[in-house]
1. Among the strands (runs of 3 or more DSSP E) contained in segment 196-240, which hold 1 or more residues that are touching a helix residue (DSSP H, G or I) at 6+ places or on another chain (Cβ under 9 Å) and basic (K, R)?
2. Restricting to segment 259-273, and then to whatever is out of contact with any helix residue (DSSP H, G or I) (no Cβ under 7 Å at 6 or more places or on another chain) and without any contact (Cβ under 8 Å) to a residue 60 or more places away in the chain, can you tell me which residue is farthest from E57 (Cα to Cα)?
3. For segment 20-72, what are the residues that are surrounded by 13 or more Cβ atoms within 10 Å (Cβ to Cβ), within 21 Å of the chain's Cα centre (by Cα) and either among the hydrophobic types (A, V, I, L, M, F, W, C) or in the same structural domain as T172 (by TED's automatic domain parsing) (or both)?
4. Go through segment 260-309 and report how many residues are within 21 Å of G194 (Cβ to Cβ) and surrounded by 17 or more Cβ atoms within 10 Å (Cβ to Cβ).
5. So which residues in segment 194-210 are surrounded by fewer than 20 Cβ atoms within 10 Å (Cβ to Cβ) and of a type outside the set (S, T, N, Q), if there are any at all?
6. Just a yes or no: is a residue in segment 218-228 within 15 Å of the chain's Cα centre (by Cα), at pLDDT 90 or above and over 25 Å from A50 (Cα atoms)?
7. Here are V281, V286: which of them is touching a residue at least 24 places away in the same chain (Cβ under 8 Å) and touching a helix residue (DSSP H, G or I) at 6+ places or on another chain (Cβ under 7 Å)?
8. Under 6 Å by Cβ, and 6 or more places apart or on different chains, what pairs join a residue from segment 160-177 that is under 19 Å from D234 (Cβ atoms) and hydrophobic (A, V, I, L, M, F, W, C) with one that is modelled with pLDDT of 90 or more and outside any strand (DSSP E or B)?
Amino acid sequence: MASQDWFDKDFYKVLGVSKDVTPAELKKAYRKLARKYHPDSNPGNPAAEATFKEISEAHSVIGDPVQRKEYDAVRAMGGGARFTAPRPGGGQAGGFDDVFGGMFGGGARQQPPPPGYSYEQGGFDDLLGGMFGRGQGGGGFGTSSGGFRGYGGPTRGRDVIASTTVDFITATHGDQITLQTQDGRAIKVKIPAGVADGQKIKLRGQGQHSPDGGESGDIVLTVNVRKHAVFERDGLNLRVSVPVTFVEAALGATIEVPTLGGAPVKLRIAPGTPSGRVLRVKGRGVVTPKGTGDLLAEVQVAVPSHLSKDAEEKLAAFAEALPKENPRDELLAKARD
């Protein structure tokens, strides 16, 4: 799925709907397109896969009432993110100021990243720990007298603090986004697969220019990740809560479990499976150069809230046929010790 380039992409056009489309109409349009372009229906067709990612990205935004409102506001204003250098003496007040409340998206641009950016410690480790003394002029460079340790050399440009927000799938699978600075520069940023909420990326040489011909400062970009409606990150693993009926849990069943950005997988529920049991699907978690996680499906037994009279009678008869055991006896005994 492409990242959120809300300034350039018309998600309504991608889904073939008008801007006043109702939620029901939007859902219907999305399902129709998803069925048509799903990778399982178009094996070996990269064009269909790319279209499927585009419509999924569009629906993830305008299918959410809150994000749709923000998207409409961004498109109406047509603004951009603002970057500023830290104030003399440091502090957060001189950092990045996002005109839309700290959230601007980036659009997918399938091109190689520009020269000059790199990722500390393999791509997305916390970089601030390695920036001792670089808040103003960089390691070893003065900020008032200029030069190297005050001996008259060129002054390093100031670093810029920035942040961006990406969707869950972009953070999981990785992507390239475009950010726009206050002076109108478009910056390509590669979001590495598996980046976690709050992690930082350093863009070398993309900060403020030196006032006297020295090297430019850096941009330190904090990546914020939107929550997913179904999945949660657990290291490289993905967690999902899967409801099953009482009958499925008691007698056993084969059920379908969703995966992130792919077709559902089938899992076998063993007879007598309790709530809270975790079933593991190998290799369906977060894929990164450092390793691949699993999908962890936690079983939640769903209790019916409404029973017919006949069902109540049969359930009562079933209860009478069960052994007279109290499943809380051990718990109560431990509490008394």
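1. On the way: elements: 200-203, 219-225, 232-234.
Answer list for segment 196-240: 200-203, 232-234.
2. To start, the set of residues in segment 259-273 that are out of contact with any helix residue (DSSP H, G or I) (no Cβ under 7 Å at 6 or more places or on another chain) comprises 259, 262, 264-268, 270.
Cutting the leftovers down to without any contact (Cβ under 8 Å) to a residue 60 or more places away in the chain gives us 259, 264-268, 270.
Values: T259: 16, P264: 19, V265: 22, K266: 25, L267: 28, R268: 31, A270: 36 Å.
Of everything passing the filter in segment 259-273, A270 is farthest from E57 (Cα to Cα).
3. A34, A50, F52, I55, A58, V61, I62
4. Matching residues across segment 260-309 total 11.
5. Residues satisfying the conditions are A196, D197, G198, R204, G205, H209.
6. If we filter segment 218-228 for residues that are within 15 Å of the chain's Cα centre (by Cα), which is where we start, we get 222-228.
Filter again for at pLDDT 90 or above, leaving 222-228.
Narrowing further to those that are over 25 Å from A50 (Cα atoms): 222.
Yes; the residues of segment 218-228 include at least one that is within 15 Å of the chain's Cα centre (by Cα), at pLDDT 90 or above and over 25 Å from A50 (Cα atoms).
7. Numbers: V281 fails: touching a helix residue (DSSP H, G or I) at 6+ places or on another chain (Cβ under 7 Å).
Exactly one of V281, V286 is touching a residue at least 24 places away in the same chain (Cβ under 8 Å) and touching a helix residue (DSSP H, G or I) at 6+ places or on another chain (Cβ under 7 Å), namely V286.
8. F168/R226; F168/H228; A171/V195
The values are calculated or read from the model by the stated rules, or taken from the named source; none is laboratory data. None of these values were measured; they are calculated from a predicted model. Note: ideal-geometry Cβ built from the backbone for every residue, glycine included; neighbour counts use all protein chains shown.
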